[in-house]
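This report concerns only the one structure given below.
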Amino acid sequence: THFKAGWMSMGDIGWKALAVNVSDVAATGALPRHALVTLFLPDDFTTRAVDEIYDGLEACCKEYGVAIVGGDIVHIEGPFAISIALAGTCERDEIVLRSGARQGDIIVVTGALGEARVGLAYLEGGKGEGKTEGAKHCIERFRRPKPRLNEARRIVATLNPSSMIDVSDGLLSDLWHILNASGVGAVLDAQAIPIGEGVQEYFGSREQALSHALSGGEDYEILFTIPDGAQSKLADLEAEIGIKLTRIGIITPKGEGVKLSSGDTEKMLEPDGFDHFRRPVG
């Protein structure tokens, strides 16, 4: 469940349905190419609503170089739903998996975290338009996420990452996917986690904002690991792509689990984030 009636326009829904798939493809270092779109329509759904969905889909297609090549439209006894299958292409030696992280690798994330989840909190509280620029920005991050496609391509070309994933279910949850696939552990630096300005504004305290940034989800930033020797290239690449690249931790042996380091203290962490089958939205 990614939306509720009243939270988003049909155009927003079309954009987001495709954008989250673009983010998945970007997280492998590939380019998105062809999409199949299936609409599940209840009896009361209008042709105008379908047109608006496709306005959003086509805007996202134009932004990220995707072509809609087919799909299906079916009747459903229940709420409207949309499903997209997206195919992408990549040179065989450029594909980046989740399974390549190694002990000593540096953990890096693009952008800032937690803003989309704060945007959702505003919407859940009935504050759909937001009263401040920070609130409006967070809501927009939830409604119309911007996949880091071009940034991911440059990261692959410049830094040769050992593993990569997009942050869709929360930093901790998605980091665990990399750690489990790679058979390693990690230590995260609490002071280094890049928290969005809107998150800090919403919570006031960094401690609460940090918890949200670690597990909020739907940021669609890129989380990746690189060998220690590639650190020297981060600053130049950050300046080139205009997006913050933050070192947030280091890969450790598997037996050490996942720890959050803050000053002289460390605490063990468990995977936390959104789970469709455990904690539905709203």
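Numbers at a glance
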{"read-out": "Members of region 88-98 that are open to solvent by less than 50 Å² (accessible area, probe 1.4 Å) and either assigned to a strand (DSSP E or B) or under 28 Å from Pro253 (Cα atoms) (or both)", "value": "Gly88, Val96"}
{"read-out": "Residue within region 140-156 that is farther than 13 Å from Ala30 by Cβ and more than 20 Å from the chain's Cα centre (by Cα) present", "value": "no"}
{"read-out": "Residue in region 130-144 that is open to solvent by less than 40 Å² (accessible area, probe 1.4 Å) and among the β-branched types (Val, Ile, Thr) present", "value": "yes"}
{"read-out": "Helices (runs of 4 or more DSSP H) wholly inside region 154-269 containing at least 2 residues that are acidic (Asp, Glu), open to solvent by 20 Å² or more (accessible area, probe 1.4 Å) and farther than 27 Å from Gly134 by Cβ", "value": "234-241"}
{"read-out": "Some residue of region 113-123 being buried (at least 20 other Cβ atoms within 10 Å of the Cβ), in contact (Cβ under 8 Å) with a residue 60 or more places away in the chain and in a strand (DSSP E or B)", "value": "yes"}
{"read-out": "Residues within region 43-64 that are under 13 Å from Leu18 (Cβ atoms) and open to solvent by 50 Å² or more (accessible area, probe 1.4 Å), tallied", "value": "5"}
{"read-out": "Pairs, first farther than 16 Å from Ala230 by Cα in region 148-162, second in a helix (DSSP H, G or I) and among the aromatic types (Phe, Trp, Tyr), C-beta under 8 Å, six or more apart", "value": "Leu149/Tyr64"}
{"read-out": "Candidates Glu129, Glu124 - the one that is out of contact with any helix residue (DSSP H, G or I) (no Cβ under 8 Å at 6 or more places or on another chain), modelled with pLDDT under 95 and within 30 Å of Ser211 (Cβ to Cβ)", "value": "Glu124"}
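Quick grid of which residues meet (1) out of contact with any Gly (no Cβ under 7 Å at 6 or more places or on another chain); (2) in contact (Cβ under 8 Å) with a residue 12 or more places away in the chain; (3) at negative phi:
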{"position": "Gly185", "(1), (2), (3)": "no, yes, yes"}
{"position": "Leu188", "(1), (2), (3)": "no, yes, yes"}
{"position": "Glu197", "(1), (2), (3)": "no, yes, yes"}
{"position": "Gly204", "(1), (2), (3)": "yes, no, no"}
{"position": "Gly217", "(1), (2), (3)": "no, yes, no"}
{"position": "Ile222", "(1), (2), (3)": "yes, yes, yes"}
{"position": "Lys233", "(1), (2), (3)": "yes, yes, yes"}
{"position": "Glu240", "(1), (2), (3)": "yes, yes, yes"}
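The values are calculated or read from the model by the stated rules, or taken from the named source; none is laboratory data. Note that this is a predicted model, so its numbers are computed, not measured. No Cβ is skipped: glycine too gets one built from the backbone with ideal geometry, and neighbour counts run over all protein chains shown. What goes into the accessible areas is simple: the full protein's heavy atoms, side chains included, and nothing from ligands, DNA or RNA. Shrake-Rupley method; radii C 1.70, N 1.55, O 1.52, S 1.80 Å.
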